[in-house]
1. If the requirement is being within 15 Å of the ligand (Cβ to nearest atom), surrounded by fewer than 20 Cβ atoms within 10 Å (Cβ to Cβ) and at pLDDT below 95, which of these qualifies: R264, R289, R293?
2. For residues that are of a type in the set (S, T, N, Q) and more than 24 Å from V131 (Cβ to Cβ), tally how many sit in segment 169-200.
3. Go through segment 144-167 and give me each residue that's within 24 Å of Q199 (Cβ to Cβ) and away from the ligand (no atom under 12 Å from the Cβ).
4. Give the number of residues within segment 3-31 that are closer than 13 Å to D281 by Cα and touching a Gly at 6+ places or on another chain (Cβ under 7 Å).
5. What number of residues in segment 168-201 are more than 9 Å from the ligand (Cβ to nearest atom) and assigned to a helix (DSSP H, G or I)?
6. From S20, S12, grab the single residue that is free of Cβ contacts under 8 Å to residues at least 24 places away in the same chain and of a type in the set (S, T, Y).
7. Looking at (1) at pLDDT 90 or above; (2) surrounded by fewer than 18 Cβ atoms within 10 Å (Cβ to Cβ); (3) within 25 Å of E122 (Cα to Cα); (4) in contact with a helix residue (DSSP H, G or I) (Cβ under 9 Å, 6 or more places away or on another chain), which is the only condition D63 fails?
8. Being part of a helix (DSSP H, G or I), buried (at least 16 other Cβ atoms within 10 Å of the Cβ) and at pLDDT below 95 is the filter here, so list the residues in segment 86-102 that pass it.
Amino acid sequence: MLGPVILAASRSDAMRRIVSAAPVTKPVVKRFIAGETVQETLPVIESMADRGLEVTLDVLGEDVTDPAEALRARDAYLQLIEAVKPLGLAECAEMSVKLSSFGQALPGGHDLALKNVAPVVEAAAEIGTTVTLDMEDHTTVDSTLAIHAELRERFPQTGAVVQSYLFRTEEDCRRLAAAGSRVRLVKGAYKESATVAYQDKHEVDKAYVRCLKILMEGSGYPMIGSHDPRIVAITQELARQAGRKLDEYEFQMLYGIREGEQHRLAAEGHRMRVYIAYGTDWYGYFMRRLAERPANLAFFMRSLISR
Ligand code: FDA
């Protein structure tokens, strides 16, 4: 019941100020955020790589309100790519970007976001890695998939994300499951209405499995973004049925969530990629993690009480 309330709060500036100012917030945020700067985050990436985990890196930020901020987002990714280059980890460190931080919601935002993100995708390709376009609320899906298609003309490895809670997603999966595509399937983390999305968790899970089946039976590269043990088990079974080898799909989980499971899957020989978010603009990302799971919220509340 609290999930939708927290998701609504994730877009409220007043709540942002209250939560951000609370002295207890930062230690809890640290559970989900690898650091505030690139320098703090690089050792985390190296230690993951040492333990056989791959990563996708997100410079926190979303919903920018002026073009200068969008340029700063672009530059932050370019700096990140420069910082990752000497580590020699390009093969296991890709980038995840939110187009709203590249200006997608501004007037002329579609073209602006494409113009701003293209140099990031190009710089990533130059060091031998890729970029995946995170998916945000449903009003952005057409624009994000169109930008994805345009980027793929020059950079075919560019990844897309689809959300099983949206009614449209099975159809999107059918279109995206083609050779050479990289598609991350998630359940969806935004507050969406009953006109566009399943509201019942069970329906979202069933839709996830239908989408997963389409991606597994297709000829692209499915990326399974979920911490759900049933989804992990179903993925393994569907991959077996589709005759996919272990390197023909991958699991993805968020930093700070089910770490034991991340290591278990990697030790079994699966490709396991951890989504690492870093930066100072953590509010929206953090609130979505609280909304996803009562235990995350309880963890936050306990730390309030135990101080
Ligand atoms: P869900 O929340 O449905 O929980 C199912 C079960 O998983 C639980 O019952 C429990 O067993 C287990 N579980 C879940 N969380 C746990 C925890 N913290 N500790 C222990 N067990 C836990 N969303 C979006 O809209 N756009 C995007 O671009 C992305 N990108 C993205 C990348 C990656 C790598 C991931 C993993 C997720 C996203 N998401 C996302 C978020 C996604 O949409 C979704 O909100 C969360 O992954 C939560 O859904 P799950 O499938 O993980 O489990």
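1. On the way: R264 fails: at pLDDT below 95; R289 fails: surrounded by fewer than 20 Cβ atoms within 10 Å (Cβ to Cβ).
Matching residue, one of R264, R289, R293: R293.
2. Selection size over segment 169-200: 3.
3. L145, F167
4. The number of residues fulfilling the criteria is 1.
5. 8
6. Working: S20 fails: free of Cβ contacts under 8 Å to residues at least 24 places away in the same chain.
Within the list S20, S12, the selection yields S12.
7. (1)
8. Result: A90, C92.
The values are calculated or read from the model by the stated rules, or taken from the named source; none is laboratory data. Predicted model, so just to flag it, every value in this text is computed and none were measured. Backbone-built Cβ (ideal geometry, glycine too); neighbour counts: all protein chains shown.
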